[in-house]
Amino acid sequence: MAERGCPLEAVPLPAEVRESLAELELELSEGDITQKGYEKKRAKLLARCVPLIQGVDPSLQVENSILGPAQASAPAPKQPKPRPSNARDERFRSDVHTEAVQAALAKYKERKMPMPSKRRSVLTHASVEAYTPPDTSSASEDEGSLQRPGRLASAPLQSRPSVEPWPDPAIQGSSTSSSASSTSSHPGGQPAATPSAAAALAGPAALARVDLHSAPPDVTTGLVQHQHAYCERPQMASVRGVPRGCRGSVLETAGGVPVNSRVSSKIQQLLNTLKRPKRPPLKEFFVDDFEELLEVQQPDPNQPKPEGSQMAVLRGEPLAEGSWPPSLLAALQQWGTTQPRAPCLTALDTAGKAVYTLTYGKLWSRSLKLAYTLLNKLTNKNEPLLKPGDRVALVFPNSDPVMFMVAFYGCLLAEVVPVPIEVPLTRKDAGSQQVGFLLGSCGVSLALTTDACQKGLPKAQTGEVVTFKGWPPLTWLVIDGKHLTKPPKDWHPAMQDAGPQTAYIEYKTSKEGSTVGVAVSHVSLLAQCQALTQACGYSEAETLTNVLDFKRDAGLWHGVLTSILNRLHVVSIPYALMKANPLSWIQKVCVYKAQAALVKSRDMHWSLLAQRGQRDVSLSSLRLLIVADGANPWSISSCDAFLNVFQARGLRPEVICPCASSPEALTVAIRRPPDLGGPPPRRAVLSMSGLSHGVIRVDAEEKLSVLTVQDVGQVMPGANVCVVKVEGTPHLCKTDEVGEICVDSSATATAYYGLLGITKNVFETVPVTAGGAPVSDRPFTRTGLLGFIGPDDLVFVVGKLDGLMVVGFRRHNADDVVATALAVEPMKFVYRGRIAVFSVTVLHDDRIVLVAEQRPDASEEDSFQWMSRVLQAIDSIHQVGVYCLALVPANTLPKAPLGGIHVSEAKQRFLEGMLHPCNVLMCPHACVTNLPKPRQKQPEVGPASMIVGNLVAGKRIAQASGRELSHLEDSEQARKFLFLPDVLQWRAHTTPEHPLFLLLNAKGTVTSTATCVQLHKKAERVAAALMEKARLSAGAHVALVYPPGVDLIAAFYGCLYCGCVPVTVRPPHPQNLATTLPTVKMIVEVSKSACVLTTQAIMRLLRSKEAAATVDARTWPTILDTDDIPKKKVASIFRPPSPDVLAYLDFSVSTTGILAGVKMSHAATSALCRSIKLQCELYPSRQIAICLDPYCGLGFALWCLCSVYSGHQSVLVPPPELETNVSLWLWAVSQYKARVTFCSYSVMEMCARGLGAQTAALRMKGVNLSCVRTCMVVAEERPRIALTQSFSKLFRDLGLPARAVSTTFGCRVNVAICLQGTAGPDPTTVYVDMRALRHDRVRLVERGSPHSLPLTESGKILPGVKVIIAHTETRGPLGDSHLGEIWVSSPHNATGYYTVYGEEGLHADHFSARLSFGDTQTVWARTGFLGFLRRTELTDASGERHDALYVVGSLDETLELRGMRYHPIDIETSVIRAHRSIAECAVFTWTNLLVVVVELDGLEQDALDLVALVTNVVLEEHHLVVGVVVIVDPGVIPINSRGEKQRMHLRDGFLADQLDPIYVAYNM
């Protein structure tokens, strides 16, 4: 019924018409009637009964409904009799909101959305059995229904339960997992109850598509296509090309790649709920448009605008001139002395028994006693502790109104200012710190309390009350009778007439959670009591039942202040009694024949639920039922339902008096009973969408999204009221416009105590007309209430400023959103209706967050279904998206004093990641519509015009080179040292005993050494073994599988001696053979090694049973162990025919997970050694310390090649030894006085983490690092500034020079491009604009400016190396303000890739690239890294200006999103900062979704806190919407030996569902 867009119940329909319509609906849904026929019959039925609606005020169609007995609310559902047609309009039924929500939900067609998956250990409260069904794969539910969009598939689908049975085991491995749970539209518009058998791990509940009024932005492009008509898109079948009968198990992703996994099927569903992304390529040169401006949303030109005339100030009736006493204390004295026996206050215990009745005489005498004690008996160093006007805290429990009243009046008599606050129960109460701030700012040093309460407060060891967090030091005074002193006969308090000085301070918690004190003067206090007396018609000796908190707000104004003026008898009902017996207040009204009662709508609601068995209560004595929160949107339904039930028990309709109040203006308006001259009550049915634009429109068409509000009566006697615009200058609103209600009256509060700035804003507002003229010479007070003035001068309130959330241009009220969420199966799921709604600012706009407590027995499936329905309901009724929906366990939201939710504290916890939800659903894709426009490709700009562009702009072409080799060294020696085997023989001959290598173990002992001659002899033995045992000839490839040590070096030279080509391979890890052994096997295979050289221990490992499980032992080539080979000489040492012959192969796995081997010729090898020797000034007399892996890249060169070439001594520290002794490397550097040392980032991190607190102990052991000239980190990535800086700072105490630490840069095509060396200028750091980098531009900014990213140069460019920055696509040279690919030309470039597949194209592309323009002759190698060059102010050794090379990141790893280029490390850095328990993070993309994996270093229960924080920070800092957040255990993100993250391995693991995540959140 509600499915066809236009709801038909805008007017009440007779029951028989409704039945006919329902039958019609059914016929249509079962296919017995065509759509056309259906519409014809429906129109006929409706034509008979469309009544005319008479409006009161055309701009404000407010229904006039004086409730007579015949016009009761909707009859109880039990009665089957047809409804009388004169019953009140359908829209006013109490459950109208629930109906609207259910109808709205029925409107949506089911659409699959992935359900978050959670590790079983996190699902503590549900049974395990529920989570073990196999994954099922179901084709889309939408196949049969394409001809009629908007309807569910077909009748059979509606009639059977929509959860499919688990399939037989034959197809359990299938891929997409889904359990359909549909809200099919039954004739009543109620959703079908679905038995949810599927479970959290079984996958996503099918979920209706939330279609915003403007379609959600494209994930990748963010272009919002406005789609005003509600249109369904046919859903793609989740399994392509598979008929409904047989199910396939291979899923194709968006890129057409078949993937068989649960995770990828969920991502596929997520993509289906978003839109097909289009990826615009990167933009070219000339338009320099990298200003990423957030979309400024333009107001909708069709939005409703106010059309009424300007409102006039509304004047209340004048205050009656009467015989009012001169002050409240005078009234108290009068009653206390003339009517001492009259009852003033009756206190009840939790069983509802009256424990004590305070008479006016007792109140007067005890207040006097207290006043005397306060003024005369409290001293501090013989000075009185209190002076008139001092502030005193009143700390009394809600069950003790008597002592509170005595304390309050005692303070007034002593002329001190009472500040009532809540009793602090623990040191960590919600908002307790803010209360401390309030007490501090009010200068409170004394707290009054009762004996019992003082005993219950938390105590320190000394027995004193503890000082609460943020509280000032307090003296606690117990005011029970025995502690007070009776005043002498001649002592009288100074009772002045009411004046402007402060009488009391009431606390108020603002939207942000700060607590302020609202000061009320004696004059205001008296005026408020007089106005309330007149408005409510209080007369002497009436009885008032008070359920509210007597310390503040209406409970204080009526129950403690106004009661004294009129000698009322107040019966105070404590909150604890209401919890135990919700009917207690009604029973007390009945027992005491009370004339007035003071309640909140919650109390009425509770008593309805409890009243069934009660027959004998009568409310006929009541003439006034004051509803203190009558301004709340849901109070109307409580009032209606309450009247409906209790009218039969004597409750008269006109008794119900809603009122509106605010801490600043006190009572703003209250409905008068007709006998006091009040107009008949009214209600308004307002369009939600009109309200969101701030205008009042009566909505007759759309029944779903309306708000029904009741009036809160007339303005108070003696007050003037107007409505002003919420933002900017306080201009008067038009008559049909919603604004903030302002009051000018002597009965409002006067200030926020001690806060002058905000006081002026709120308490001294001057409303002005459209022409700018002030409307009055007196200032008005802003109430914080949003509303308008209706017919008969009645005040209507539609929300509070504190609950206002402005999303885009539209305003939404938190209370309305709560009401909508509660209407979605309320009692079934949300625990006690506890829901908090607030907004958080993300990306310069408010985003709505809804947090609900779920019942302890709710299953995962229930939670997800409820969440998805709430999203639809809020979208349908409020036309706004919810940014984050979180469920927390029952009773865990922070509580306000009387059991409500402390919203600001909940918001604070959400933002700090301390909410600990058990379920989270984020919808950033739908909500965030103000992302910057994605970048579009410009028409091609060729490389030539780019050069011209650079020249015109005065930019130099970005190229630089190291020192010229020819100037530096005599060429004779270079020729002599062309082949490393020759160099080793020459050294063994000329300096045989010169030590080249020292190997240290974990204890710091030297385990093996090698002099020149020892190394030469070992190498000869290996060569002999290779030729004789393995029968290898020159040119054969040999794999060297050794632990780091001298044996590896000897084996390497052994291979060169016999002309074989060595390939160094990291040995498998004995504890982790399954993952490390296949890599070894792969390198041996890919390198076509004919023989494996290794140690005995590793040989045994390769042939062991454990290894056989992973790799068949028979598939290895010949394995030789070199531990005890015979001492033999080789007849002749092989000499390569030319320097271009292959010397060795260097294999390494890149961070993108690709195994790449490069070929190094003899010429390149010796050129590399020569460059390093010159840069680091290495001579035979030098010692250097190396803590690196010796298997590839620069680590291998430093470990195996350089010492032999330059003759210096290398102290070798194998990194694995640091696991047992972290300080080994630093100790070795100090011990051997190494001027130069090399390490990796992982070593540096181990030292920084493991030794940070031990620098003093190391100094005691004699570790001194002052010898270090340069400490270089060997890396193939952007320098990690944070790590190098913290390392420098930590070890400064051990003498490490401030500028010693620097980084190097190399890659596959050239293992050493930059290296700091010992001479030359220090490395420079620049700050670049991160937003410009995304557009491949380099813009320098100041340190600390927003979006700045520090980059440090990667060392100096090595001698003989030339570098240029080239465009990644056109291959033209770039200017130095551009980010491009680093190309390198040098004699030590590798000569090509060595792969099985012989990818010649790749080889030519990477190793012999030429520029497309400019210098087209030079042959370059492409590094695959993005970077830029900058000319610095420094000069290098040759006196030239120094050019610095900055590496930004690997081109293969960059993420292209929204047409821009992102570097994963930047996003990861932001994410790691988001919360202290994020230990590590890695990001990658999958089908254009950004996936963020975070390692949780904390409790699993806290995992879900991270989802929102991660999403927020990436949106704020990078303008990207995160698609999936995966939370895993520490150590899951794979890291290679260089300490680089293996993001692609991680991606593969995620898609194959191998990560065992704690939680996976799919952001909608």
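Sort the following peptides by mean Cβ neighbour count (other Cβ atoms within 10 Å, averaged over residues), highest first: 816-822, 756-762. Could you put the intermediate results ahead of the total?
On the way: 816-822: 24.3, 756-762: 13.3.
Going from most to least packed, we get 816-822, 756-762.
Note on residue 451 and residue 1440: the extension gain reaches 347.6 nm, defined as 0.36 nm multiplied by sequence separation minus the Cα-Cα distance. Ligands, DNA and RNA left out, the 1.4 Å accessible surface of region 1462-1563 is 50% carbon and sulfur atoms. The calculated FRET efficiency for the pair residue 1155 and residue 914, based on their C-beta separation and a Förster distance of 35 Å, comes to about 0.20.
Can you give me the relative contact order of region 1246-1395 as a percent, contacts being Cα pairs under 8 Å and 6 or more apart? Write out the running numbers ahead of the final one.
Working: 239 pairs, mean separation 30.2, N = 150.
With pairs under 8 Å counted, the relative contact order is 20 percent.
What separates the Cα centres of region 462-528 and region 1486-1553 is a distance of 53 Å. To the nearest 10, the accessible area of residue 338 is 90 Å² with a 1.4 Å probe. Taking every C-alpha pair closer than 8 Å and separated by at least 6 residues, the mean separation divided by the residue count of region 1477-1564 gives a relative contact order of 31 percent. Between residue 47 and residue 1002, the distance separating the two model label sites (each 7 Å from Cα on the Cα→Cβ line) works out to 9.4 nm.
What length, rounded to one decimal in nm, is gained on full extension from residue 387 through to residue 1516, with 0.36 nm per residue of separation minus their alpha-carbon distance? Could the numbers behind the result be given before it?
Values: separation 1129, 0.36 × 1129 = 406.44 nm, distance 5.18 nm.
Answer, rounded to one decimal: 401.3 nm.
Counting charges near residue 525 (Lys, Arg +1; Asp, Glu -1) among other residues having Cβ under 13 Å from its Cβ returns a value of -2. Distance between the C-alpha centres of region 1320-1363 and region 357-415: 69 Å, rounded to the whole angstrom. Summed over the residues of region 1493-1562 and divided among them, the accessible surface reaches 29 Å² per residue at a probe radius of 1.4 Å.
Cβ neighbours within 10 Å, averaged per peptide: list 1472-1478, 360-366, 1089-1095 in order, most packed at the top. Walk me through the intermediate numbers first.
On the way: 1472-1478: 17.1, 360-366: 20.7, 1089-1095: 23.9.
So the order, starting with the most tightly packed, is 1089-1095, 360-366, 1472-1478.
Summary of packing: across the peptides 395-402, 1537-1544, the per-residue average of other C-beta atoms within 10 Å ranks them, highest first, as 395-402, 1537-1544.
For residue 1108 and residue 616 in one chain, what is 0.36 nm times their gap in residues minus the Cα-Cα distance, to one decimal in nm?
Details: separation 492, 0.36 × 492 = 177.12 nm, distance 8.60 nm.
Result: 168.5 nm gained on full extension.
Place a +1 charge on the Cβ of each Lys and Arg in region 476-622 and a -1 charge on the Cβ of each Asp and Glu, then give the dipole magnitude about the Cα centre in debye, rounded to the nearest 20. Don't jump to the answer; show the numbers that get you there.
On the way: 15 positive and 11 negative charges, 95 e Å.
Magnitude of the dipole: close to 460 debye.
Couplings 3J(HN,Hα) of region 1111-1121, computed from phi: 10, 5, 4, 6, 8, 6, x, 3, 10, 10, 9 Hz, in residue order, whole Hz [Karplus 6.51 cos²θ - 1.76 cosθ + 1.60, θ = phi - 60°; x for Gly and Pro]. Building the convex hull from the alpha-carbon atoms of region 440-530 and averaging its projection over directions returns 9.5 nm².
Distance from the alpha carbon centroid of region 792-867 to that of region 1163-1232 works out to 63 angstrom.
The values are calculated or read from the model by the stated rules, or taken from the named source; none is laboratory data. Since this is a predicted model, take the numbers as computed values, not measurements. Virtual Cβ from ideal backbone geometry, glycine too; neighbours counted across all protein chains shown. Surface areas here come from the heavy atoms of the whole protein model, side chains and all, with no ligands, DNA or RNA. Shrake-Rupley method; radii C 1.70, N 1.55, O 1.52, S 1.80 Å.
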